Amino acid sequence: MLESEIKGLKEEVALLRETIRVLIYAMGHNGQAPAMPIEPVKAEWPNAEDKDAPAFPAPDAPEQNESEEAVTADAVQTLCMTIVRKDRAKKAKVKEAIAEFGASLVKDVAVDKLPELKARLEAI
């Protein structure tokens, strides 16, 4: 009886590990899970000491570095809100920074000027 319960628990753990593997894979592939059904894994999971154990697939490297990523209006808006929430006295400075780009709202700033606005806000 105890042996059958242990066997059942091992199968559940194996299923959970496979599910985690699929989720890790999906995180590295823009949320796209592999097209395979999730079923209980029959084989025993390799021990950590097993040097021949298969490794999890490494997530794809991002195409751009963080410093090269396109700055979005939403990201700049979030930055503005973070600055103001930390120190309400900086609200006027944030508005002035946005006004320097000929706009009263972040969404009205030209897309090519957003990185410059972001740098200006980070200096506040």
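Every number here is computed from the coordinates shown, using simple stated rules; none is lab data. Quick caveat: nothing in here was measured; it's all calculated off a predicted structure. A quick note on method: Cβ atoms are made from the backbone with ideal geometry, for glycine too, and the neighbour counts reach across all protein chains shown.
Some points to look at:
- Rounded, prolate or oblate (a/c below 1.5 giving rounded, otherwise prolate when a/b exceeds b/c) for the range 66-122 by Cα gyration tensor: oblate
- Separation in nanometres of the label points that stand 7 Å from Cα toward Cβ, at LEU9 and LYS86: 4.7 nm
- Proximal charge balance of LEU79 [Cβ under 12 Å; K/R count +1, D/E count -1]: +3
- Around GLU96: net Lys/Arg minus Asp/Glu count, Cβ-Cβ under 14 Å: +4
- Two-site FRET efficiency, ALA119 against MET27, from Cβ-Cβ distance with R₀ of 22 Å, rounded to 0.05: 0.15
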